[in-house]
Structures are given as structure tokens and as C-alpha cells.
Amino acid sequence: MERTFVMVKPDGVSRGLTSEILSRFEKKGYSLVGAKLLQMSEDLAQTHYEEHKERPFFNTLVAFITSGPVFAMVLEGEGVIAEARKMIGATDPKEAVPGSIRGDLAIKKSENVIHGSDSPESAVREISLYFNEDELIGNKAAQ
Ligand code: CMP
């Protein structure tokens, strides 16, 4: 079954939006198969966002994402990678449609509440950055 990586960013956690965000995915029908609250190290942040390392906002992004706890989760279900991206909405909350998570809950591109994997390759890579096999429900090692 398809899996994706979703993370409530420090602004979402500190604003108390974690349960609302998780609830949206659960109500849609996706299953939570892994979750943890963590404070990202600078190393992990730089690795996660390495595709943006030449961008002018890279240092701001790393400083922000390591500024407080994040809630990392793995969701499972049919078509979850693309559908979670739709539910999350455009990167810039000003362009995100009402009804999407960013459209409803965020204002700024730099503090846009949530991250979700953008492709099957990113999902595999990002899940493995945050979770060991035995931390995911349904994996043989976790039984
Ligand atoms: P995310 O989906 O986590 O992937 C990369 C992040 O970089 C993105 O969400 C934004 O939060 C952030 N980002 C993209 N563009 C900018 C920008 N111009 N200024 C600050 N942050 C940005």
C-alpha cells in the first residue's frame, strides 16, 4: 500500500494545529502508520532540504525548521502521495485554495504549517530520514 511522509512544521505545532491536521487525513480515510514529535538537528534539516541548498532562503528555512518541535508522520492509503499534496495545498498559502490545509491555516510561504512528500521517490527518501523500519506499523520488523 502507498505511503507518504507528512510533517507539521514548528509553526503548526506551536499554534496547536497538530491534531486538526492529523484529523483531516484520518477523516479522509488515510491510516497513520508512524508518528513522532522531534526537534530536528541542523544536519537533518540540511539533508531533508538539500535540493534547496543553493536557494536564497535556504538558511532561513533551516533556522525555521529547527526552531521548535515538528510532528513527523507516515500516512498510508490508496493514492496518498498525490492526494495529501492536494489536501495540503500550494506552497504559498496565498495561492492555496480555501479548504486546503495551507489555504485555511497559513498566511506566509516561509511558515506554511506543513510539509508533504512531492513524489514516490521523495516519500521513500523522507520516510527513511525520519523513521526506522521497525517504527512503522505493518512492517514485518514492527510486529
Ligand atoms: P516545503 O513544502 O516544506 O518545501 C520547501 C520549503 O521552502 C517550502 O515548503 C517553504 O516553506 C519554503 N520556501 C519556499 N520558498 C520560500 C521563500 N521564497 N522564502 C522562504 N521560504 C520558502
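The values are calculated or read from the model by the stated rules, or taken from the named source; none is laboratory data. Owing to the predicted nature of the structure, the values given are computational and were not obtained by experimental measurement. Positions of Cβ are generated from backbone atoms using ideal geometry, with glycine treated the same way; all protein chains shown enter the neighbour counts.
Just one of the listed residues (Ser100, Ser41, Ser117) is at pLDDT 95 or above, surrounded by fewer than 16 Cβ atoms within 10 Å (Cβ to Cβ) and of a type in the set (S, T, N, Q), and it is Ser41. Taken over segment 31-74, the residue count meeting the criterion of being assigned to a helix (DSSP H, G or I), under 24 Å from Gly16 (Cα atoms) and either charged (D, E, K, R) or over 16 Å from the mean Cα position of the chain (by Cα) (or both) is 3.
So which residues in segment 1-54 are β-branched (Val, Ile, Thr) and in contact with a Pro (Cβ under 8 Å, 6 or more places away or on another chain)? Spell out the reasoning first.
Initial filter on segment 1-54 (β-branched (Val, Ile, Thr)): 4, 6, 8, 13, 18, 21, 33, 47.
The answer is Val13, and nothing else.
The residues of segment 1-17 that are buried (at least 18 other Cβ atoms within 10 Å of the Cβ) and not hydroxyl-bearing (Ser, Thr, Tyr), listed by number, are Arg3, Phe5, Val6, Met7, Val8, Lys9, Pro10, Asp11, Gly12, Val13, Leu17. The residue that is nearest to the ligand (Cβ to nearest atom), counting only those in segment 101-143 that are farther than 25 Å from Ser67 by Cα and among the polar types (S, T, N, Q), is Ser119. Residues in segment 78-107 that are under 20 Å from Glu2 (Cα atoms) and acidic (Asp, Glu): Glu78, Glu83. Ala123 - would you say it is free of Cβ contacts under 8 Å to residues at least 40 places away in the same chain, surrounded by 12 or more Cβ atoms within 10 Å (Cβ to Cβ), of a type outside the set (Val, Ile, Thr) and not in a strand (DSSP E or B)? Here the answer is no, as Ala123 does not meet what is asked. In the set (1) within 21 Å of Val13 (Cβ to Cβ); (2) touching a residue at least 60 places away in the same chain (Cβ under 8 Å); (3) outside any strand (DSSP E or B), the condition left unmet by His115 is number (3). Quickly run through segment 54-72 and pick out the residues that are more than 8 Å from the ligand (Cβ to nearest atom), out of contact with any helix residue (DSSP H, G or I) (no Cβ under 7 Å at 6 or more places or on another chain) and not polar (S, T, N, Q). Within segment 54-72, Glu54, Ala63 qualify.
Which numbered condition trips up Lys53, out of (1) over 27 Å from Asp134 (Cβ atoms); (2) touching a strand residue (DSSP E or B) at 6+ places or on another chain (Cβ under 9 Å); (3) of a type outside the set (A, V, I, L, M)? For Lys53, the exception is condition (2). How about segment 22-80: which of its residues are out of contact with any Asp or Glu (no Cβ under 7 Å at 6 or more places or on another chain), hydrophobic (A, V, I, L, M, F, W, C) and free of Cβ contacts under 8 Å to residues at least 40 places away in the same chain? Passing the criteria: Ala35, Leu37, Met40, Ala45, Phe58, Ala63.
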